[in-house]
Amino acid sequence: MLQYLGIVFVLSCFATRATAQENCDFSKLKARYVAHFVERMAVNKVTPTYPVAAKAKGIGGEVPLVILVNKDGQVEQACLRARKQAKPPDSSLVAAARLAALQWTFQKNFGFPENQQVRFDYVKGFLIFKFVSEGSETKVAVR
């Protein structure tokens with residue numbers, strides 16, 4: 001029981017961190033989009049856990065996220081990327097994707113040598129987590 005409470009506490013901390021970061025207006029920050037940054041500079045990639053209730057109901061889909069990475073290589077914010085034509089993904093899938101994205105780490109100083117001065121404080125990147133439930137097999141992929 002104590003172990004269960006610890007897990008719930010940890011998950012609620014991550015969920016609070018994720019939901020508290022709803023403001024995805026990075027225009028006031030010195031953030032830059034760098035092509036292929038996520039693919040090339042990721043040091044630690046965390047795959048989301050498929051939510052049990054969504055899996056049982058056969059709910060799946062893509063969860064596109066915008067992430068903000070600081071100079072230390074830590075993801076500071078992970079926000080749902082709005083798509084005009086697409087139906088919004090299930091909230092439990094979004095929460096699982098955010099939780100995983102906040103645990104990703106990247107090369108420090110955006111991959112530049114430590115002695116090289118970088119003129120921006122953050123890199124903005126994109127992650128797409130795809131939740132697929134096919135029969136008894138469940139897949140979560142990162143694009």
Exercise. Any idea which residue in region 62-72 is surrounded by the fewest Cβ atoms within 10 Å (Cβ to Cβ), counting only those that are more than 14 Å from PHE129 (Cβ to Cβ) and not charged (D, E, K, R)?
Worked result: ASN70
Exercise. In region 33-56, how many are in a loop (DSSP other than H, G, I, E, B), touching a strand residue (DSSP E or B) at 6+ places or on another chain (Cβ under 6 Å) and among the aliphatic types (A, V, I, L, M)?
Worked result: 1
Problem set entry | Extreme residue, nearest to ALA97 (Cα to Cα), among residues of region 31-53 that are touching a Phe, Trp or Tyr at 6+ places or on another chain (Cβ under 7 Å) and at pLDDT 90 or above | PRO48
For this session: Among what's in region 57-72 and is in contact with a strand residue (DSSP E or B) (Cβ under 7 Å, 6 or more places away or on another chain) and not in a strand (DSSP E or B), pick the residue that is nearest to ALA95 (Cα to Cα).
Result: GLY60
Problem set entry | Which listed residue, of ASP121, ASP90, is under 22 Å from CYS24 (Cα atoms), surrounded by fewer than 18 Cβ atoms within 10 Å (Cβ to Cβ) and over 14 Å from the mean Cα position of the chain (by Cα) | ASP121
Problem set entry | Inter-residue pairs, beta-carbon under 7 Å, first within 16 Å of PHE129 (Cβ to Cβ) and in region 47-61, second basic (Lys, Arg), 6+ apart | none
Exercise. For region 21-54, which residues satisfy the criterion of being buried (at least 16 other Cβ atoms within 10 Å of the Cβ) and within 11 Å of LEU93 (Cβ to Cβ)?
Worked result: PRO48, TYR50, PRO51, ALA54
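The values are calculated or read from the model by the stated rules, or taken from the named source; none is laboratory data. Source: prediction; values computed, not measured. Glycine gets a Cβ as well: all are built from the backbone with ideal geometry, and neighbour counts include every protein chain shown.
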